[in-house]
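One structure below.
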Amino acid sequence: MTAPIFISSNQPADRFYRGGEKIRAFRGTGAAGERVPEDWVGSTTTLFGESALGLSELGPGRLLRDEISTDPGSWLGPEHLARYGADTMLLVKLLDAGQRLPVHLHPEQAFAAEHLDRRHGKAEAWYILEGGSVHLGFTRDISAEELRSWVDGQDVEAMLAAMHRVDVNPGDSVYVPPGCPHAIGSGIFLVEVQEPEDLSILLEWKDFAIEGTIQGHLGLGFDTALQATDTGAVSAADLDALVMRGGTGEGTLADAARSYFRAERTDVAGSAVLEPGFSVLVVLDGSGTLTTADGTWPLAAGNTVLLPFSAGELQIDGALSLMRCRPPKP
């Protein structure tokens, strides 16, 4: 496997929040309906509790997860394989928030390993394509008792009032550390880069199409699940370190994200060469071509392209902007 693979949409149906229209507009195609707000790109990850839903197909009967397992060296490269094994360390999504998402958080790796027998937690970062406002972290220290009272009583106003509200614009990025409560605002469209797990603990579910008392705690019960919450205050300086304004290249995401994944915006006006490595390309706008030793392929806004390590050096020509999403450096 050395050629790039153009990935079609992979949108799990009947999600508990609305969205999908902006994915269809961006791609020029996509799943119908108003509850298909996530497009899982190059996914070897399933939705929590599912055996196959969420996995990317490369063709009829061909799952990316199985292809990588069969030939991990070609897909991931020897350095990655030596450091991380046959694990992509990466999940990429397009996310269209047709409504504000509920306040929730994701556990860190040690919690996920101890309580869920998972290799990863879920750090994530958002690259903003269409802006709005997000809620991120608490403005003050919150006691475990206060947090539990908000969750039990679904006191959403109190939760949101105790969180930072941040306005984000196209080209900004937000890094969300594990444990950090957050909510993406209505109207935002983004590229999400994350650890390859689907682990969400809901603090809010009122007015959403989900029963949080059953589905909001990963089967652990809230006594255990809420222990994954970072209830400490996020200072203004801490917040500034999570939000990058208009960054490109290695400055696209916050420095703290690099131990989990990489994502780099590249603007091409003419020609650019990218080093070999397993990655997902998302073409943000413009058009051009992608050339490897195997040939040349056209690129256009909305394309998502899966690139194995064995594709080698990548040459991009044209006038276009793209996001290259990658695992952490070995």
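Let me spell it out: the conditions are (1) over 18 Å from R326 (Cα atoms); (2) outside any strand (DSSP E or B), and A82 meets all of them except one. Which number is the exception? Answer for A82: the failing condition is (1). Criterion applied to D96, D71, D66 was being touching a residue at least 12 places away in the same chain (Cβ under 8 Å), of a type in the set (D, E) and surrounded by fewer than 23 Cβ atoms within 10 Å (Cβ to Cβ), and the one residue passing it is D71. Any chance the stretch 205-220 includes a residue that's under 18 Å from G137 (Cα atoms) and small (G, A, S)? Looking for residues that are under 18 Å from G137 (Cα atoms) and small (G, A, S), one finds none in the stretch 205-220, hence no.
Taken together, the residues in the stretch 271-288 that are in contact with a Leu (Cβ under 7 Å, 6 or more places away or on another chain) and surrounded by 15 or more Cβ atoms within 10 Å (Cβ to Cβ) amount to 10.
Please state which one of V305, V234, V268 is of a type in the set (V, I, T), buried (at least 16 other Cβ atoms within 10 Å of the Cβ) and in contact with a Pro (Cβ under 7 Å, 6 or more places away or on another chain). Among V305, V234, V268, only V305 is of a type in the set (V, I, T), buried (at least 16 other Cβ atoms within 10 Å of the Cβ) and in contact with a Pro (Cβ under 7 Å, 6 or more places away or on another chain). Based on what the data block shows, is D39 of a type in the set (D, E), under 18 Å from K93 (Cβ atoms) and buried (at least 21 other Cβ atoms within 10 Å of the Cβ)? Answer is yes for this residue. Name the single residue that is surrounded by the fewest Cβ atoms within 10 Å (Cβ to Cβ) among those in the stretch 10-28 being assigned to a loop (DSSP other than H, G, I, E, B) and more than 17 Å from the chain's Cα centre (by Cα). The qualifying residue surrounded by the fewest Cβ atoms within 10 Å (Cβ to Cβ) is D14.
Every read-out reported here was derived from the displayed coordinates using simple, explicitly stated rules and does not represent laboratory data. Computed from a predicted model, the values in this text were never measured in an experiment. Using ideal geometry, Cβ is built from the backbone for each residue, glycine included, and neighbour counts are taken over all protein chains shown.
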